[in-house]
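Bear in mind that the values in this text are calculations on the coordinates, not laboratory data. Remember, it's a predicted structure, so these values are computed and weren't measured experimentally. Because the Cβ atoms are built from the backbone with ideal geometry, glycine has one as well, and the counts that use them run over all protein chains shown.
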Amino acid sequence: MKVSYYPGCSLEGTAADYAASIAAVAPLLDLELAEIEDWNCCGASAAHSLDRHLALALPARNLALAEAAGLDVVVPCALCFNRLKAADQALGSAKKARQGLAVQGGLKIWDLLDYFTQDIFLERLAQKVIKPLAGLKAVGYYGCLVARPPAVTGKVDYENPRNLEKLLEVLGGSPLDWSFKTDCCGAGLALPRPDLIDTLGQRLYDRALQAGAQGFVVSCQMCQANLDLSQERISRKSGRNYDLPVLYFTELIGLALGHPQAQDWLAKHLVDPRPLLKRLGLI
Amino acid sequence: MKNLGAETVRPESGPPSAELLERLGRETELAVAACYQCKKCSSGCPLTFAMDLLPDQVIRLALLGQEEQLLSCRTIWVCSSCQTCTTRCPNRVDIAGVMDWLKEEALKQGKEGSAPEVAAFHRFFLEAVRAHGGRVSEAHLVRRFTLFKLWRRPDLGELLGNFKLGLKLMKRGRLRLAGPRALKGRAEIDKIFEPYRTQT
């Protein structure tokens with residue numbers, strides 16, 4: 001199976017671990033990711049906050065490139081996914097002429113988690129698990145923008161998505177239920193307003209611990225960065241010693257399928273997940 | 001009137017006017033008049049603790065034409081665009097979209113003063129995309145924002161923390177000092193940025 005792949009800027013930087021794990025596990029699922037050639041930044045929060053033209057025109061160029069390739073598009077970053085979907089909706093149809101942007105619209109755009117948790121892939125995964133993640137108790141944390149707003153994302157279960165949990169179960173781990181799976185981590189406010197991330201992050205750590213979690217499973221690199229990179233600071237400021245690794249679902253797929261490089265991805269985290277995984281006998 | 005942790009609506013409201021409502025109707029699809037003040041937006045908002053106006057108050061004030069108050073409030077800049085309000089509104093008011101519209105308008109009128117660091121961050125982000133020919137350079141963004149903080153409101157503890165964090169990320173291959181290479185379609189990117197350039 002072959003799909004177009006739009007990685008987004010942060011997968012070339014702070015989410016290098018996510019990028020490496022995606023590239024490694026896709027072939028294990030017989031999936032070919034064809035990176036869209038010469039893709040550009042989607043504009044992120046900055047564009048939709050400051051300039052409605054850029055908010056559409058930047059993703060529109062990517063849509064035009066993807067339309068030329070003619071395949072479904074898979075996007076690992078929640079924000080990129082959201083912006084591409086929003087532009088596809090806004091520009092497909094009669095409006096495109098007015099905007100002067102050559103987009104047909106109606107392209108099938110997937111967020112990576114949704115794509116990987118289709119029945120066909122879950123079945124393949126179930127057959128390929130060689131190191132079940134026995135004893136790993138984690139909460140699924142989806143964040144905002146793969147789900148909301150449903151008018152843009154097209155999601156049905158936007159208040160209570162369950163595919164991270166389903167996936168973790170297939171991989172042999174123990175997903176825990178909690179009420180904060182789609183709450184906001186603060187996203188792009190991390191640099192300009194770290195004080196806000198302190199409050200939002202601590203709330204999520206506390207709730208995850210209350211649920212009995214040893215860590216988070218995420219599908220958004222912004223959520224990963226905020227929960228992983230801020231944890232030491234939040235621990236220091238709050239006087240609590242949080243130790244909650246923030247794992248990408250693709251890293252867990254790699255672990256459960258015995259990918260030899262899985263430990264390299266984990267070594268890039270700031271909250272080191274390896275002591276926990278060693279304790280559980282998973283690495 | 002105190003609720004959900006936000007401060008009282010500031011008293012300096014002007015007389016009600018339909019001007020803002022008419023403008024939103026003309027320029028956007030943001031239908032604020034559909035709001036019946038159920039406050040579901042504010043109840044679900046994760047950032048009310050940092051806001052001076054609650055999301056439902058923003059919509060009400062838009063309806064009443066209180067543009068000055070809205071463009072100078074803190075709320076629009078601490079909104080993280082998580083889309084919970086827009087998702088849950090029973091009347092399909094795109095509250096997060098209204099926040100975006102107000103941010104853009106505040107910037108045009110030079111009124112981002114209530115949260116200068118957020119507006120600056122967004123500006124530097126777009127600058128970092130343009131300067132590197134189509135993809136954002138995280139290092140460029142961090143450098144630019146650090147200079148801004150040093151100049152505007154230096155916080156040595158925070159700076160030192162960010163510096164240490166940057167080193168850790170670099171060691172782990174998660175922060176590259178060299179920016180991304182310019183795209184082949186760099187000229188297209190420049191063209192996309194043209195209207196933005198002339199406006200700011």
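Table for the structure above
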| quantity | calculated |
| --- | --- |
| Assigned charges on the beta-carbon of Lys, Arg, Asp, Glu; the protein assembly as shown dipole about Cα centre (debye) | 840 |
| Three-way shape label, region A:156-266, alpha-carbon gyration tensor, a/c 1.5 | prolate |
| Angle between chain B longest axis and helix B:95-108 axis [Cα atoms, degrees, rounded to 10] | 70 |
| Calculated over region B:19-108: convex hull of Cα atoms, volume per residue (Å³) | 81 |
| Positive dipole terminus of chain B, leading residue within B:SER72, B:PRO16, B:HIS122 (C-beta point charges) | B:HIS122 |
| Residues listed by number, region B:92-116, amide nitrogen under 20 Å from B:ARG23 label point at 7 Å toward C-beta | B:94-115 |
| Interchain or long-range residues, amide H under 5 Å from A:LEU176's placed H | A:ALA138, A:VAL139, A:GLY140 |
| For region A:206-255, alpha-carbon Rg relative to the globular expectation (2.2 N^0.38 Å, N residues) | 1.17 |
| Rg to Rh, two decimals, where the protein assembly as shown supplies the alpha carbon set and Rh follows Kirkwood | 0.95 |
| Contact order normalised by residue count of chain A, Cα under 8 Å, 6+ apart, percent | 19 |
| D_trans [Stokes-Einstein, Kirkwood Rh over alpha-carbon pairs] for region A:10-163, 10 °C, 1.306 mPa s, µm² s⁻¹ | 94 |
| Centroid-to-centroid separation of region A:1-35 and region A:213-283 [C-alpha atoms, Å] | 19 |
| Length-normalised contact order for chain B - Cα pairs under 8 Å, 6+ apart - percent | 17 |
| Relative contact order (percent, whole number), region B:19-108, Cα cutoff 8 Å, 6+ residue spacing | 34 |
| Cα shape, region A:9-92, gyration tensor, a/c 1.5 rule | oblate |
| About the Cα centre, charge dipole magnitude for region A:198-257 (Lys/Arg +1, Asp/Glu -1 at Cβ), debye | 240 |
| Base-10 log of normalised Debye intensity for region B:116-199 (one unit scatterer per alpha-carbon) at q = 0.13, 0.23 Å⁻¹ | -0.49, -1.12 |
| Size descriptor, Kirkwood hydrodynamic radius, that averages inverse alpha-carbon separations across region B:119-158, Å | 10.4 |
| Cα centroid separation, region A:178-202 to region B:106-173 (Å) | 18 |
| Calculated SAXS-style log₁₀ I(q)/I(0) at q = 0.17 Å⁻¹ - chain B, Debye, Cα scatterers | -1.18 |
| Violating pairs (Cα-Cα greater than 29 angstrom) within the set A:LYS237/B:LYS168; A:LYS268/B:LYS184; A:LYS85/B:LYS184; A:LYS108/B:LYS184; A:LYS268/B:LYS40; A:LYS137/B:LYS168 | A:LYS268/B:LYS184; A:LYS268/B:LYS40 |
| At most 14 other Cβ within 10 Å, DSSP loop - chymotrypsin sites (Phe, Trp or Tyr not before Pro), region B:9-101 | B:TYR36 |
| Within region A:5-81: Cβ-based charge dipole about Cα centre, in debye rounded to nearest 20 (Lys, Arg +1; Asp, Glu -1) | 340 |
| All-pairs Cα distance distribution in chain A, expressed in whole percent, bin size 10 Å | 7, 30, 36, 21, 6, 1 |
| Unit Cα scatterers, Debye sum, region B:55-154: log10 I(q)/I(0) for q = 0.15, 0.16 Å⁻¹ | -0.69, -0.77 |
| Per DSSP, loop trypsin sites (Lys or Arg not before Pro) in region A:161-260 with at most 13 further Cβ within 10 Å | A:ARG240 |
